[in-house]
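Take a look at the structure below.
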Amino acid sequence: MNTQVSPRTTPTAPAASPSRPAGRAGRLQVLLPWVLVPLAVLVGYLVLPPAAELRSQYQASALVLVAAPLLAWLLTRRMPVAHHWAGAVVAALLPALSLVALNGTDWFFSGPRGDQSFRMEYVTRFADSLALQDYTYRDVPAFYSPGWFWVQGLVAQLADVEAWRLYKWASIGTLYVAVVVAFALWRLTCGTRLAALLVAVTVVGLPAAGSGWLGAQTLMFSGAYEPYAWLVALPLPALLAWFASARGPFSWRRGLALGVALAAAAWLYLLYALVAVVGVLVLAAWRRRDSARLPEVAVAGLASIVLVSPWLGRFLVEYVAAGLPPAAATTWVEDDSYVNLVTISASPWMWAALLGAVGLLVLDGERHPRVRGLQALGVAVLLLGVVQLVAGQASGGVLFHRVLLVLGLCLLAAATLTLAAVGPDLRTRAVGAWPRVPLRRLAFAALTVLLFLNLSAHAREWMNREVDLSRLAHNHPYPDGSLPALASTEGREVADDEEGDEVPVARLADAIRDSARAAGQEETGVVLTDRISLLATQPFDAYQQWWGLYANPLGEYAERRSFLESLEGLPADDVVERLRADEQAPSVFALEVEDGEVTFDSTDRDAGGDRGSAWSVSFPVELFQGPEFETTRVGDWLVAALRKG
């Protein structure tokens, strides 16, 4: 009888690791790198000399010069402990670069400006109240995934630290945790060396500015700049590879674990959770004859729905009740939104990505189940690309430019698994053809060069003080009006121009609270202001979002705009009457004075046209000088609180 098993149905087992440590001592050996490496980075940061741009540039270069050969050496060792050290070094790379780049400032990249202002506003909101509500509008359920921000708010409350100060450290710590999670998930299907190599390739191999092969998407801008999204995106290929490798009977534990992972992804970044869900469904369709996997998918779906319902369930109920109002954020497009998948580049990592694409198309997913998971992820990205193309005809979309990061990770992981699949055969052929060639030394040299090239490119992007991400972090004033240590004269002038006034945010916030209290408001009411950093660092409910793109669909941005515009030109008595008649109307105004008027500025989102159209409403200062308002001047700013009627 022939008992040989067909190679098409034999799953690839995780590679065995030699000399695996056993017992408590072995577990300690494995854990030590993941504790000691981040501690070493933190100690190194604490003993750095006083911040100076020149010193920081040298420090970043030194980091690259040490990390590249060290990582290559660790990856070419045989001992599994060395591979754990390699994984820990990869995990510490982005935090270390960020600490060097941000030395001398308490802000994270971009400071409290641009997109970062909304994220910081979210943390500030939860540091004041843990209720799952919108960061701007009072009593409106949260729309954007609140999980990462909610945890920071909780920590800020427990530690009694200002949310904006915590934001930098939480962001840097998240960059480390993302690699730890990815390594742990890869270890479910891979040996230690392959798992370490996968996290090294998927982190270091992503594009940098000047050597992009994913359009304008880079490791810094698409990954480190949004740590909560990076925490989902980086482990995503490993998650699908794990589920694709599942064999045997139905497992409640596997289904629940998958459901918990999908729910956690949704709490952190809903778009990438959607990519994961589509990938899982593609896997289920491919393995529809496997009677054990479909029930596991069903269990995962039910578990994830239950786990996200405290946030997303409430939002969806109110969203449907409101008649499905449009979400402006889903209409945002960039050049990379037009489903241009890969950009030609001189970077050797682009060729690695193309190798990954070939591997996804050629390798048999039944023989290589980890690759099957990446194939499902690639199909999910392509399906969302099709949705973007169709929805784009009606000025909609799925933010496909953000999905490109997942595509890059998928291709780099696929390249690594492709080499792992053909590596033994290539090695045998190489030994036979060139028996005297030191293959390990050759691998060390190749890895060192490849890692050094991209790490250097990433370091240059991290240390570039000319771009907004770094410039604003180093030049934007703190809430008390003081400036970061490395603020330049030119940078201070630009920051003053963008901020609109030199009045410190903390001083303006005190004036708002004092005026509201003097006006008889039991708690500070809804504030109408366009001072971005005020909303980002102080826990006030705002009446109107300063940018319609980030307005909650349930926030009634258009209706609030119409209400404000209807107040222009009215007599003071009529304005007061309308403000008191509308429970949602602003009861505190904090606006800049210019030529005898105060003005609120905002930018609407034109989904079918340009990126936005600016609009404003202005009121004469005299309007707020009557007995119905408690008014305070703070520099060029006017703070007026409406008295109770």
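Things worth noting here:
- Degrees separating the helix 163-186 axis from the principal Cα axis of the chain, which is the longest one: 20 degrees
- Highest-first arrangement of 38-45, 436-443, where packing means the average Cβ count within 10 Å: 38-45, 436-443
- Fully extending the segment from LEU442 to ALA285 would add 52.3 nm, taking 0.36 nm per residue of separation and subtracting the current Cα-Cα distance.
- Residues whose amide H falls under 5 Å from that of VAL617, counting only those 5 or more places apart or on a different chain, are PHE600, with hydrogens built in the peptide plane.
- Our summary gives the stretch 327-467 a relative contact order of 32 percent, counting only alpha carbon pairs under 8 angstrom and 6 or more residues apart.
- Carbon plus sulfur fraction of accessible area for the chain, probe 1.4 Å, in percent: 61 percent
- Looking at the chain alone, DSSP beta bridges between its own residues are antiparallel in about 85 percent of cases.
- Radius 11 Å from Cβ of ALA473, net charge of other residues (Lys, Arg +1; Asp, Glu -1): +2
- Only one item in (1) 14, 30, 27, 20, 8, 1, 0; (2) 18, 38, 24, 17, 4, 0; (3) 17, 49, 27, 6, 1, 0 matches P(r) over Cα pairs in 20 Å bins from 0, in percent derived from the coordinates shown, and that item is (3).
- Length-normalised contact order of the chain in % [C-alpha pairs under 8 Å, at least 6 apart]: 17 percent
- D_trans [Stokes-Einstein, Kirkwood Rh over alpha-carbon pairs] for the stretch 68-148, 10 °C, 1.306 mPa s, µm² s⁻¹: 100 µm²/s
- Once backbone amide H atoms are built at 1.01 Å from N, TRP547 has THR603 as its partners under 5 Å, excluding neighbours fewer than 5 places away on the same chain.
- Helix 557-567 axis, angle to the chain major axis (alpha carbon atoms, nearest 10°): 20 degrees
- Solvent-accessible area of VAL639 with every protein chain in place, 1.4 Å probe, in Å² to the nearest 10: 0 Å²
- Going by accessible surface with a 1.4 Å probe and the largest first, SER304, SER562 read SER562, SER304.
- Couplings 3J(HN,Hα) for the stretch 151-158, derived from phi with the Karplus relation 6.51 cos²θ - 1.76 cosθ + 1.60 (θ = phi - 60°), are 4, 4, x, 4, 4, 4, 5, 5 Hz, where x marks Gly and Pro.
- Angle in degrees between helix 439-462 and the longest Cα principal axis of the chain, rounded to the nearest 10: 10 degrees
- Remark: the chain carries 43 Å² of accessible area per residue (probe radius 1.4 Å; ligands, DNA and RNA excluded).
- Working note: Karplus 6.51/-1.76/1.60 with θ = phi - 60° gives the stretch 339-347 the couplings 6, 8, 6, 10, 9, 5, 8, 7, 5 Hz, where Gly and Pro are set to x.
- Counted by Cβ distance under 9 Å from HIS401, the other residues give a net charge of -2, where Lys and Arg count +1 and Asp and Glu count -1.
- In terms of packing, defined here as the mean over residues of other Cβ atoms within 10 angstrom, the peptides 215-224, 389-398 line up highest first as 215-224, 389-398.
The values are calculated or read from the model by the stated rules, or taken from the named source; none is laboratory data. Since we're looking at a predicted model, the values are computed, not measured. All Cβ positions, glycine included, derive from the backbone under ideal geometry; neighbour counts span all protein chains shown. SASA here: full protein model, heavy atoms, side chains in, ligands and nucleic acids out. Shrake-Rupley method; radii C 1.70, N 1.55, O 1.52, S 1.80 Å.
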